[in-house]
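Here's the structure we're looking at; comments come further down.
The values are calculated or read from the model by the stated rules, or taken from the named source; none is laboratory data. Source: prediction; values computed, not measured. All Cβ positions, glycine included, derive from the backbone under ideal geometry; neighbour counts span all protein chains shown. Ligands, DNA and RNA are stripped out before the accessible areas are found, and what is left, the full protein with its side chains, is counted by its heavy atoms. Shrake-Rupley method; radii C 1.70, N 1.55, O 1.52, S 1.80 Å.
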Amino acid sequence: MRDLFPASPRLDGTADEDVPLRTAVSRRSDPRAAARELAVELCHSELGFMLFFCSAEYPLAALSESLDAAFDGVPVAGCTTAGEITPQGYERGGIVAIGFDRRHFAVSCALVEDLSGFDLMRAQRLVDGLLDDCRDRALAPLAEHSFALTLLDGLSSCEEQVLATLDAALGRIPSFGGSAGDDNRLAHTHVHAEGGFHGQAAVVVLINTRLPFEVFTTHHLRPRDEKLVVTRADRERRRVLELNALPAAEEYARLVGLPVEALTPDVFARHPLAVRLGEAHFVRAIQRVNDDGSLSFYCAVENGIVLTAMRPAPLLEDLETVFAALSARLGEPALIIACDCFLRRLELETLARVDAGSRLLARSRVIGFNTYGEQHHGMHINQTFTGVAIGSRTATPDA
């Protein structure tokens, strides 16, 4: 399918075919047909890397084989989703991809298969390897003109450890990313690198470019006065058994004014809880109510933390303000690569605002996916819109 964005802005003085970032989407369910359709739009002599986000409905082994065949010799990375953000906005059931032109991006990719054993020494070796791989092809000084994208198994429960360790190794290089989804089934999520899909794994992509960029995050949630103290938790399983010394599901249901049996994902989306760090609040999103009356969370929880009840402000208005500020600083973006929490999309569905959201994302040149958690500068967060905006003007590399 043809790229549905309006003609992307070109760099000054470039030929028509010299487009730094190309996008494509396929809604075909057959993996070979989908891969071929993407390749028709993205493959050219200067294609250096392909990033994709796909529905977990695909037969993943067949899709991996098809992508390798269609993009022969081109490094490919990606993950499964809880929904895709295509050139037309929010969609489900397909695959969306971005092609990076090697004349504008030097890209290096690494797979982490042992998440539980990912310590600082391993993180430093991984980052050093990425930097060494990029160095010979670098288009601008690595430390000042690079960013990292992380994709993690969204059900691994290892995000906090992996991200904090990786952030320490990255140093000044900014990072963002998202946790893979599986169309809200909460069963199996996968990342893709090195020719295959992997569970209990992560992918780290280092991207160096002369183009201006900004890694950012935002959310539309505001604090209320009510507080809930975690008085009993199973940290390993991210499960809270008691809030304020009462059964967790019952106490949360009392807070939102609903019976326990009415607690559903759309309720969690509209009535989130957050941890305050300094002056900022970071959402700890609820995943589900368990049979024993406990609550499972998407982020780490532990005894003694204080959770603040949050209320949603207008979601799309917040996002539009962020996009306007990015454009003011970078110029009109060539592309925004986004990791958007699936709970935000669920809120828009509940409010019948998905079409309006899709129009805003399309106007703003956003490509990405709905996640089971977002990552920003080494932190695992929830219910945010996190990403990188890449400008269309060439930045002058530092001397």
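Some values worked out for this structure:
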quantity	calculated
Tally of residues being over 19 Å from the mean Cα position of the chain (by Cα) and open to solvent by less than 30 Å² (accessible area, probe 1.4 Å) across the range 260-271	3
Residue among Leu295, Leu307 that is farther than 24 Å from Arg365 by Cβ and either in the same structural domain as Val354 (by TED's automatic domain parsing) or in contact with a helix residue (DSSP H, G or I) (Cβ under 7 Å, 6 or more places away or on another chain) (or both)	Leu295
Answer residue from the range 178-189, given it is of a type in the set (A, V, I, L, M) and either in contact (Cβ under 8 Å) with a residue 60 or more places away in the chain or touching a helix residue (DSSP H, G or I) at 6+ places or on another chain (Cβ under 9 Å) (or both) and is surrounded by the most Cβ atoms within 10 Å (Cβ to Cβ) among those	Ala180
All strands (runs of 3 or more DSSP E) inside the range 317-390 with 3 or more residues being among the β-branched types (Val, Ile, Thr) and buried (at least 19 other Cβ atoms within 10 Å of the Cβ)	366-371
Scan of the range 267-298 for residues that are among the charged types (D, E, K, R) and part of a helix (DSSP H, G or I), ordered by number	Arg270
Selected residue (only one of Val215, Val240, Val229, Val204 is out of contact with any helix residue (DSSP H, G or I) (no Cβ under 7 Å at 6 or more places or on another chain) and surrounded by 15 or more Cβ atoms within 10 Å (Cβ to Cβ))	Val215
Scope the range 49-68; condition out of contact with any Ser or Thr (no Cβ under 8 Å at 6 or more places or on another chain) and open to solvent by 20 Å² or more (accessible area, probe 1.4 Å); matching residues	Pro59, Ala61, Ala62, Glu65, Asp68
Identity of the residue in the range 235-259, small (Gly, Ala, Ser) and more than 14 Å from Ile305 (Cβ to Cβ), that ends up farthest from the chain's Cα centre (by Cα)	Ala245
Matching residues in the range 232-266 - criterion: being over 24 Å from Ala280 (Cβ atoms) and assigned to a strand (DSSP E or B)	Arg232, Asp234, Arg239, Leu241, Glu242, Leu246, Pro247
Total residues in the range 1-37, condition at pLDDT 55 or above, closer than 18 Å to Glu332 by Cα and in a loop (DSSP other than H, G, I, E, B)	3
Breaking point among (1) outside the structural domain of Ala187 (by TED's automatic domain parsing); (2) of a type in the set (Gly, Ala, Ser); (3) farther than 26 Å from Arg254 by Cβ, for Gly331	(1)
Filtered residue count, the range 181-203, keeping only those that are among the hydrophobic types (A, V, I, L, M, F, W, C) and under 12 Å from Leu115 (Cβ atoms)	4
